[in-house]
Amino acid sequence: MKKLCLLGSTGSIGTQTLDIVRMYPQDFSVRSLAAYSSIDLLEKQIREFRPARVCVYSEERAAELKIRVSDTETKVLSGMEGLIECATDAETDIVLGAIVGMIGIRPTIEAIRAGKDIAIANKETLVTAGHLIMPLVEEKRVRLLPVDSEHSAIFQCLHGEENNPLSRILLTASGGPFRGRKREELVSVRPEDALKHPNWAMGAKITIDSSTLVNKGLEVMEARWLFNASYDEIEVVLQPQSVIHSMVEFRDGAIKAQLGTPDMHIPIAYALFYPDRRPCKGGNLDFKTLSGITFEQPDTEVFEALPLAYQVGRKGGNAPTVFNAANELSVAKFLRGELPYLGIVENIKKALDEVEFIAHPTLDEVLYTEKRTQEVLR
């Protein structure tokens, strides 16, 4: 039985992960849970799964939860120290990192140092600190298992191909709700418009990122680290039906693709059970009702975030951190009605111009860059 630490248990990935735990109680026990501030759902999870400890990042909300669950044996922690305590627990076998944002970096690094396998859904961690994490993964000989549907697809395509180096990664994208729109049509976009993803049910932040193609840019940077690929070897292709989750081309010209329904239960289960496959809630793809699978090239003039992400990734250093931190802050402002939709990418450009470049940032410098970016954009 695997003992699981789930960081981000109340979000979209976290709740779907617990669906799988419910399906296979003989295979998993929940050792610890963590959330940012959603204590109503977290309390229900505590009473169902009886974890040894939980962490609420917000100290105020953690204090409230501690009172609520005082009749249980679950220890309630808070802040970064609490996240790290959950991630490094001696009895934990695997840590699934599904926290949104850069607060996932330090718990992930400490979990790796403690010898834990990592199922990673927190792409910001590799985007901003991949240069620190990948050598540590190799040193500690732990598994780093991708959970994002696209990276899971690539991972699945590469399984059994250790002696066959890839020549190209074809990273697919749906194109989001504004595929085919002109720039002038995006000026008046409201949050409720951008939150209507055509295929996937996701959290608010990642849904906005998908609409701007910032998410795909972050995934390009993540793929560079996960699969030791150059940016010239990673190509983004629009696949509007979200049936092909990504593809890999090998040197003989053969291409392997992973297909399936647009449901995150499938890649989550693959990471948790790797290298085995188990039935899950994802369902089966019905080719009798599938009208077609089509491909398009992304419009990089309208969706400037994608080519900008390639530039930032090639530059390296702390530039990816600036890109990510500027986007996080800007998306939050957009969702609150404080920033126009096109202002998200404009803010990213502004931060890249104004935040000082660090070629080989330490972890402290990565975290400093995040704060400096926030200062520039406030």
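The values are calculated or read from the model by the stated rules, or taken from the named source; none is laboratory data. Keep in mind it's a predicted model, so treat the numbers as computed, not measured. Note that we place each Cβ from the backbone using ideal geometry, even for glycine, and neighbour counts take in every protein chain shown.
Before moving on, here are some points about what is shown:
- Within the option set Ser167, Ser174, being modelled with pLDDT of 95 or more, small (Gly, Ala, Ser), under 28 Å from Glu249 (Cβ atoms) and surrounded by fewer than 24 Cβ atoms within 10 Å (Cβ to Cβ) holds for one residue only, Ser167.
- All positions within region 194-224 that are among the charged types (D, E, K, R) and in contact (Cβ under 8 Å) with a residue 40 or more places away in the chain: Lys205, Asp209, Lys216, Glu219, Glu222, Arg224
- Some residue of region 274-290 being in contact with a helix residue (DSSP H, G or I) (Cβ under 6 Å, 6 or more places away or on another chain) and without any contact (Cβ under 8 Å) to a residue 60 or more places away in the chain: yes
- Residues that are of a type in the set (Gly, Ala, Ser) and either within 29 Å of Ser167 (Cα to Cα) or at pLDDT 95 or above (or both) within region 193-227 comprise Ser210, Ser211, Gly217, Ala223, listed in sequence order.
- Condition check for Leu126: modelled with pLDDT of 95 or more, in a helix (DSSP H, G or I) and surrounded by fewer than 18 Cβ atoms within 10 Å (Cβ to Cβ): no
- The residues of region 264-303 that are of a type in the set (Asp, Glu) and surrounded by 18 or more Cβ atoms within 10 Å (Cβ to Cβ) amount to a single one, Asp299.
- Qualifying residue in region 170-179 (condition: touching a residue at least 12 places away in the same chain (Cβ under 8 Å) and over 30 Å from Pro340 (Cβ atoms)): yes
- Residue within region 17-35 that is within 25 Å of the chain's Cα centre (by Cα), of a type in the set (Lys, Arg) and either crowded, with 16+ Cβ neighbours inside 10 Å or at pLDDT below 95 (or both) present: yes
- Residue check for Glu60: touching a helix residue (DSSP H, G or I) at 6+ places or on another chain (Cβ under 9 Å), surrounded by fewer than 19 Cβ atoms within 10 Å (Cβ to Cβ), of a type in the set (Asp, Glu) and more than 19 Å from Met264 (Cβ to Cβ): no
- Taking residues in region 139-160 that are part of a loop (DSSP other than H, G, I, E, B), and partners anywhere that are of a type in the set (Gly, Ala, Ser) and surrounded by 23 or more Cβ atoms within 10 Å (Cβ to Cβ), the pairs with Cβ atoms closer than 8 Å and at least 6 places apart or on different chains are Val147/Ala98; Val147/Ala119; Val147/Ala121; Val147/Ala271; Asp148/Ala121.
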